[in-house]
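Engineer: Take a look at this one; I'll ask things after.
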There are 2 protein chains.
Amino acid sequence: MRITISDIAQYAGVSKATVSAVLNERPGISVQTRERVLEIIQKLNYQPSHVARSLSNRETKSIGLLIKEIDNPYFAKIMKGVFDKCSELGYTVLLGSSELDPAQEKKSLEALLRQQVDGLILSPLQNEEIDLGYLYELKLKNYPFVTLGSVVHFQTNVVEVENKKAAVSAVSYLIHAGHKRIAYFAGPSYSANSKDRLAGFRQAFHENAIPAPEDLIFNTGSYIADGYRMGRELFALPGTKPSAVFCYNDLVAIGLMNALAELKIQVPADVSVIGFDDIDFCRSMQVPLTTIRVPAYKLGEKAAELLIAQIGARDESKNRKVILPAQLIERKSVAPLGRDGSGSEFVG
Amino acid sequence: MRITISDIAQYAGVSKATVSAVLNERPGISVQTRERVLEIIQKLNYQPSHVARSLSNRETKSIGLLIKEIDNPYFAKIMKGVFDKCSELGYTVLLGSSELDPAQEKKSLEALLRQQVDGLILSPLQNEEIDLGYLYELKLKNYPFVTLGSVVHFQTNVVEVENKKAAVSAVSYLIHAGHKRIAYFAGPSYSANSKDRLAGFRQAFHENAIPAPEDLIFNTGSYIADGYRMGRELFALPGTKPSAVFCYNDLVAIGLMNALAELKIQVPADVSVIGFDDIDFCRSMQVPLTTIRVPAYKLGEKAAELLIAQIGARDESKNRKVILPAQLIERKSVAPLGRDGSGSEFVG
DNA sequence: AATCATTCCTTAATCGGTTACCAAATTTAA
DNA sequence: TTAAATTTGGTAACCGATTAAGGAATGATT
């Protein structure tokens, strides 16, 4: 049988209330009894029941983290940031993942809510067909949550990266290298990130007074396999091909580069490629990938911080927005148009 | 305010016990009252408090998963397996990670226990200096847990991969390709996996009646950076170098290959490399990595299954051991000694 | 000496469920 | 017709903590 607060009270010859007061360092307990109680707690190795406490306090000291893909290095970094910050602040993390499936997202969310987490960090799937009503409900109930990336037509606490600006810098970089036929391998239609990056893609052309190549925008996905498939499809066809591809993320870029390798198309001599995220493997690739570095770990940390602050101040749910900078990392996968890129002085 | 079972009871004009019986589908309730209660539950959108239930039932329907590294693709796959199986069986997953630090491992474990998870899936750090007393304690308390990989001098429920056998096959493969000076880039001293793989390394030589090159066994680590560092160190020195390296895992192999590239040493022409795990990136590398495929997802699934079965049958904690097969995946990073490997017919 | 504050601790209700045990109503058996 | 069995539902204790309210000492105040 588990040792309870009653046991401690009995052994120490005091009431449960006194033990509770000692445990919670409340005033009004004499030094002697405090020490006696503490001694007994030590001796019996007593651990207060977190469940009982949760019931009484109406808080579980846990948060739910609902991501899109568990085995995606980008989310792994976020998880780590969330996890570290939560540990530091005394919270536990319950894991959920949609695996890009709206039905599973719903299920996971419900499971998290059922466990009565004190708050949520969400990375909602988004497209035209997905009902975001649950976000409204959460907000209506004043349930603390923050989203990773903003949600269309919705004000909340958000932590995100400056997607559009970063996309502009990536695409401008390609344009300044002489590229005009630049493709965008967009992420899943679910993704607000992808939309923002697309906006940046277009703006870069706009800023350079070139019409954006709308025919080169493809909905792709977020996995290696997606980039591969689209790469095979696009570059196997006859006709004018793009001289550069801006990819939704590094995984897609990796897939694309695998496809290009199979088709004997050289990167960066024939086609330049630029990614997004800067996952660890970028620098270990055949051609080290030029990409946008996203501070994913920090993103996770900030999200956890913001959420826990919100949990603390239950009343005001002011919509805070934290935007973290992203940075172009120049490696070897981009070359000026028409040259072989060997003259590049960029180092990753 | 939250809707409680008392509210439902009141509205339905019955007692809490009756509502509870309906909720838990216990017999002894007439069809009429059952339906009336269910209707009210529907109407008020009542959700039983999981916390209260946990307190009463002494189970939280959650398990703790304590891994070594969150942002390691191998563990990501395991997590996914655990997560999926747990969702299926109605359990939630609380996440913990040691990040290879024994102190943090202890902290994470305590956090998980404090949350009163019903069981644990552990991937314990192991070396001579680490005190595994906590495992004894858990077992003594009859606390359900299973370990990922076996623990030295300790019988428990284990899910693991046939490390030794797989290592034998990898090293034999190198030996049959003519290699004799084969190095082993061992994982962290913490790892039982690494020890088992080392045993396989030695046995392969034994089976081929060649003395194992003990001078070529290096404690390395488990990250890309570790493989890189050791690669630079070993191959920058003068003297006889190994013609092949068997790496503790793919990350180390990637790091090593980065180092070799910098040193203008060709893989596989000059040095053959073989990894372990078969993470997604192996096939996307400069030289696609020959490696051992570990069914990490299945490992996670099995661990969750085993654990939850154990939680169900509280009494018997028979030490079950599930060993999953691993398989050599031949790609491009190994060549016969003295040739350039272009004659290889192996395809990944 | 009576009154008032302080200090320190206890009592008992509460959080939201589960369940052993009991009791009323109805059916069945004798 | 009455006792016994069955069906159905209620009562109250319990899980293990927290906390508001109250009360017994002790010392201070007049």
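The values are calculated or read from the model by the stated rules, or taken from the named source; none is laboratory data. Keep in mind that this is a model prediction, so the values were computed, not measured. Methodologically, a virtual Cβ is constructed for each residue, glycine included, from the backbone with ideal geometry; neighbour enumeration extends over all protein chains shown. These area figures cover heavy atoms from the full protein model, side chains too; ligands, DNA and RNA do not enter into them. Shrake-Rupley method; radii C 1.70, N 1.55, O 1.52, S 1.80 Å.
Engineer: If one computes P(r) from the Cα atoms of region B:163-293, what percent of pairs lie at distances over 17 Å? Let's see the in-between values first.
Structural biologist: On the way: 4320 of 8515 pairs.
Roughly 51 percent, once rounded to a whole number.
Engineer: At 222 nm, what value in deg cm²/dmol follows for chain A if DSSP H runs of at least 4 each add -39500 (n - 2.57) and the sum is divided by all its residues, to the nearest 500?
Structural biologist: On the way: 12 runs with 148 residues, N = 348.
Helices in chain A give a 222 nm mean residue ellipticity of -13500 deg cm²/dmol.
Engineer: Among A:255-262, A:101-108, B:288-295, how do they line up from the highest to the lowest mean number of other beta-carbon atoms within 10 Å? List each step's numbers first, then the result.
Structural biologist: Details: A:255-262: 22.1, A:101-108: 16.2, B:288-295: 24.5.
The densest-packed peptide leads the list: B:288-295, A:255-262, A:101-108.
Engineer: I've got another one for you. Sorted from shortest, what are the nm distances separating the label point of A:Ala313 from equivalent points in the other copies, each placed 7 Å from Cα along Cα to C-beta?
Structural biologist: Result for A:Ala313, in nm, nearest copy first: 5.4.
Engineer: Further question: Given H placed 1.01 Å from N in the peptide plane, which residues other than close sequence neighbours of B:Thr92 have an amide H under 5 Å from its amide H?
Structural biologist: B:Ser62, B:Ile63
Engineer: In A, who owns the beta-carbon nearest the axis carrying A over to B, and how many Å from it?
Structural biologist: So the chain A residue sitting closest to the axis is A:Gln286, 2.
Engineer: Only counting protein heavy atoms at a 1.4 Å probe, give the residues of region B:187-234, ordered by number, whose accessible area falls by 20 Å² or more when the other protein chains are present relative to the chain alone.
Structural biologist: Residues passing the criterion (a loss of at least 20 Å², heavy atoms only) are B:Ile224.
Engineer: Give the carbon-plus-sulfur fraction of the accessible surface of chain A in %, rounded to a whole number; probe 1.4 Å, heavy atoms of protein chains only. All intermediate terms of the calculation are to be shown ahead of the outcome.
Structural biologist: On the way: 8010 of 15620 Å².
Roughly 51 percent of what the probe reaches on chain A is carbon or sulfur.
Engineer: Further question on the same structure: Say the dipole of region A:163-293 comes from +1 at the beta carbon of Lys and Arg and -1 at that of Asp and Glu; which of A:Ser243, A:Tyr190, A:Ile292 then lies farthest toward its positive end?
Structural biologist: A:Ser243
Engineer: Summing both sides, how much accessible area is buried between A and B? Use a 1.4 Å probe and give Å² to the nearest 100.
Structural biologist: Values: alone 17540 and 17490 Å², together 31200 Å².
Interface between A and B: roughly 3800 Å².
Engineer: Follow-up. Toward the positive end of the charge dipole of the protein assembly as shown, about the Cα centre and with charges on Cβ (Lys, Arg +1; Asp, Glu -1), which of A:Leu44, B:Gly96, A:Gln155 goes farthest?
Structural biologist: A:Leu44
Engineer: Could you point to the residue in B:Val273, B:Ala326, B:Tyr143 farthest towards the positive end of the protein assembly as shown's charge dipole, with +1 and -1 charges on the Cβ of Lys/Arg and Asp/Glu respectively?
Structural biologist: B:Tyr143
Engineer: On to the next question. Dipole size in debye (nearest 20) for region B:69-198 around its Cα centre, Lys and Arg Cβ +1, Asp and Glu Cβ -1?
Structural biologist: Values: 14 positive and 16 negative charges, 99 e Å.
Value, rounded to 20: 480 debye.
Engineer: Same structure again: Nearest-5 percent of antiparallel DSSP beta bridges in chain A? Walk me through the numbers before you get to the answer.
Structural biologist: On the way: 4 of 36 bridges.
Approximately 10 percent, going by the DSSP bridge assignments.
Engineer: For label points placed 7 Å from Cα toward Cβ, what is the shortest-first list of nm distances from A:Asn127 to its copies?
Structural biologist: Counterpart label points of A:Asn127 in the remaining copies fall at 4.8 nm.
Engineer: Sticking with this one: Let's test this: bin the Cα-Cα distances of region B:5-48 at 10 Å from zero up to the farthest pair and state each bin's percent.
Structural biologist: Percent of Cα pairs in each bin: 33, 63, 4.
Engineer: Do any residues of region B:56-84 show a loss of at least 20 square angstrom of accessible area between the isolated chain and the full protein assembly, using a 1.4 Å probe, and if so which?
Structural biologist: SASA drop of 20 Å² or more in region B:56-84: B:Arg58, B:Ile70, B:Asp71, B:Ala76, B:Lys77, B:Met79, B:Lys80, B:Phe83.
Engineer: Give the long-range amide H neighbours of B:Lys321: residues separated by 5 or more places, or on another chain, with amide H under 5 Å away, using H modelled in the peptide plane at 1.01 Å from N.
Structural biologist: B:Val158
Engineer: Please compute, for the alpha-carbon atoms of chain B, the extent along each of the three principal axes and give them in descending order in Å.
Structural biologist: 88, 39, 33
Engineer: While we're looking at this one, here's another question. Hey, can you grab everything whose amide H is under 5 Å from the amide H of A:Ser333? Only 5+ residues off in sequence or another chain; H modelled, so Pro and N-termini drop out.
Structural biologist: Result for A:Ser333 returns A:Thr290.
Engineer: If you take every residue apart from A:Ala236 with its C-beta less than 13 Å away from the C-beta of A:Ala236, what net charge results, scoring Lys and Arg +1 and Asp and Glu -1? List each step's numbers first, then the result.
Structural biologist: Working: positive: A:Arg229, A:Arg232, A:Lys241, A:Lys264; negative: A:Glu233, A:Glu262.
That works out to +2.
Engineer: Also, quick follow-up: So how long is each side of the protein assembly as shown along the principal axes, counting just the alpha-carbon atoms, biggest first, in Å?
Structural biologist: 80, 70, 56
Engineer: Taking only protein heavy atoms into account and a 1.4 Å probe, give the accessible area per residue of chain A in Å². Let's see the in-between values first.
Structural biologist: Numbers: 15620 Å² over 348 residues.
On a per-residue basis, 45 Å².
Engineer: Separate question: Dipole magnitude of region A:163-293 about its Cα centre, charges +1 at Lys/Arg Cβ and -1 at Asp/Glu Cβ only, in debye to the nearest 20?
Structural biologist: Numbers: 13 positive and 12 negative charges, 39 e Å.
Computed charge dipole of region A:163-293: roughly 180 debye.
Engineer: Based on Cβ point charges of +1 for Lys and Arg and -1 for Asp and Glu, what charge dipole magnitude is obtained for region B:5-48 about its Cα centre, in debye rounded to the nearest 20?
Structural biologist: Values: 5 positive and 4 negative charges, 13 e Å.
The dipole of region B:5-48 has a size of about 60 debye.
Engineer: Take A:Tyr134 and A:Ala103, extend 7 Å from each Cα along the Cα→Cβ direction, and tell me the distance between the two endpoints in nm.
Structural biologist: Those two pseudo-labels are separated by 1.4 nm.
Engineer: Within region A:1-25, list the residues whose amide N lies under 17 Å from a label point set 7 Å along Cα→Cβ of A:Ser56.
Structural biologist: Inside the label zone: A:2-25.
Engineer: Another question, then. Which log10 I(q)/I(0) values, to two decimals, does region B:21-164 give at q = 0.12, 0.15, 0.21 Å⁻¹ under the Debye formula with one point per Cα?
Structural biologist: Here log10 of I(q) over I(0) equals -0.61, -0.82, -1.38.
Engineer: Determine the residues within region B:97-134 where the difference in accessible area between the chain on its own and the full set of protein chains amounts to at least 40 Å²; count protein heavy atoms only and use a 1.4 Å probe.
Structural biologist: Residues meeting the cut-off: B:Arg114, B:Gln115, B:Gln116.
Engineer: Tell me the distances, shortest first, between B:Lys106 and the same position across the other copies, using label points 7 Å along Cα→Cβ, in nm to one decimal.
Structural biologist: 4.7
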